Amino acid sequence: MSESRKQLENALADGPFPGDVTRAVFQHLISLKAAGVTELPKSDGIVEFPGLIHETKTEYEGPSTSVGNRAQPAISSTSTIETSEHKEPADSGKLFSPSLSQTIFENTPSYGPTVDTAERPAQLQIVQDQVAACTACGELASTRTQTVFGVGTSSPRLVFVGEAPGADEDRLGEPFVGAAGQLLTKIIGAMGLGRDDVYILNTLKCRPPGNRNPKEEELRNCCQFAERQLEILQPEFICCLGSIAAKTLLNSKQSIGRMRGTFYRWRGSQVLVTYHPAYLLRTPNAKRLVWDDMKLLMHEMGLKT
Ligand code: SF4
């Protein structure tokens, strides 16, 4: 046995490479070396992924995000969540490091022609009127007080996409105005922005009765409206709040914990995924993870972190 093979096998036995997968990779490398293979081709950065393709992009070189000295935004709330929705997985505490690779999914066509800024309010109003008249989901159409379309500037760099209206939103006709909405407003403020600087919309435009989770059929019926809003707004960045928005927009089955920390591409927008503010109301420890996400977003947007 060669000296280098002995060293490698000792390293496998002693660490720092615990785990069957890593062990199997190194054992395969040993086999290749024994077979005379001395070089492996470099990766071209394209990695196959279930149903999608993602491309290795740049290294994140933003500020250090170690937990001990992480700057925290002034986000706090004593409110309690009023529904059973937004159950994010408990394994979701992925922390970012400055060397984290960002990747982009290329899974959708580009945006169509840019809609002139002056024409956007009228274009949005056309879609809003169609939403208000929509009865595609019989149960939702018969139980809603009103549809909840979207709010914010018609020239946003950043659009937040949530899940569905709750009781407050159904009553007032505006997304994110309840306890979770107030927390989102604080998050936006901690980014150095105001609600008027962004656009906020939900994937579903009608409140599910009892704030139950949206049904797949309802999401299929309604996602066309969110897509048309985004097609008119054509933001540089989209932030998906919660798994419903992320999975619907990106057609992914992954958990938020797995999707965080990656910029995906949806048409012409870079998309970042994070937890829904309603989840943060009952899981305060997750706020620092969301702040990590927002710092990544701010860094990519060129905002001061
Ligand atoms: Fe129409 Fe969307 Fe409301 Fe369903 S949820 S009735 S698709 S507006």
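By count of other Cβ within 10 Å, fewest leading, how are 126, 200 ordered?
126, 200
Let me see the pair-distance distribution of the stretch 109-188: every alpha carbon pair, 10 Å bin width, integer percents in order.
15, 42, 33, 10
Checking the a/c ratio against 1.5 first, then a/b against b/c, what shape does the Cα gyration tensor give for the stretch 225-305?
Since a/c reaches 1.5 but b/c is at least a/b, the shape of the stretch 225-305 is classed as oblate.
Test of understanding: ordering 299, 276 by Cβ neighbours within 10 Å, fewest first, what list do you get?
Neighbour counts put them in this order, fewest first: 299, 276.
Only counting other Cβ atoms within 10 Å, I'd like 215, 304, 295, 253 sorted with the fewest neighbours first.
Ascending number of Cβ neighbours within 10 Å: 304, 253, 215, 295.
Scan around residue 202 for amide H atoms under 5 Å from its own, H built in the peptide plane at 1.01 Å from N, and keep only partners 5 or more places away or cross-chain.
It is 162, by chain and number.
Please work out whether the stretch 167-290 counts as rounded, prolate or oblate from its C-alpha gyration tensor, where a ≥ b ≥ c are the square roots of the eigenvalues and a/c under 1.5 means rounded, while otherwise a/b larger than b/c means prolate and anything else oblate?
Because its axes are fairly even, with a/c under 1.5, the stretch 167-290 counts as rounded.
Read phi for every residue in the stretch 202-211 and hand back ³J(HN,Hα) as whole Hz from Karplus 6.51 cos²θ - 1.76 cosθ + 1.60, θ = phi - 60°, with x for Gly and Pro.
For the stretch 202-211, the Karplus curve yields 10, 5, 10, 9, 10, 6, x, x, x, 6 Hz.
Students often get this wrong, so check it: of 186/304; 247/304; 215/295, which have C-alpha atoms separated by over 23 Å?
From the list (186/304; 247/304; 215/295), the Cα-Cα distance tops 23 Å for 247/304; 215/295.
Taking θ = phi - 60°, what integer Hz values does the Karplus form 6.51 cos²θ - 1.76 cosθ + 1.60 yield along the stretch 236-250, in sequence order, with x for Gly and Pro?
Each residue of the stretch 236-250 in turn: 5, 10, 10, 10, 7, 9, x, 6, 4, 5, 5, 5, 6, 6, 9 Hz.
Just so you know, all these numbers are worked out from the coordinates, no wet-lab data involved. The structure displayed is predicted, hence computed values, not measured ones. Neighbour counts are summed over all protein chains in view; Cβ atoms, including those assigned to glycine, are modelled from backbone coordinates with ideal geometry.
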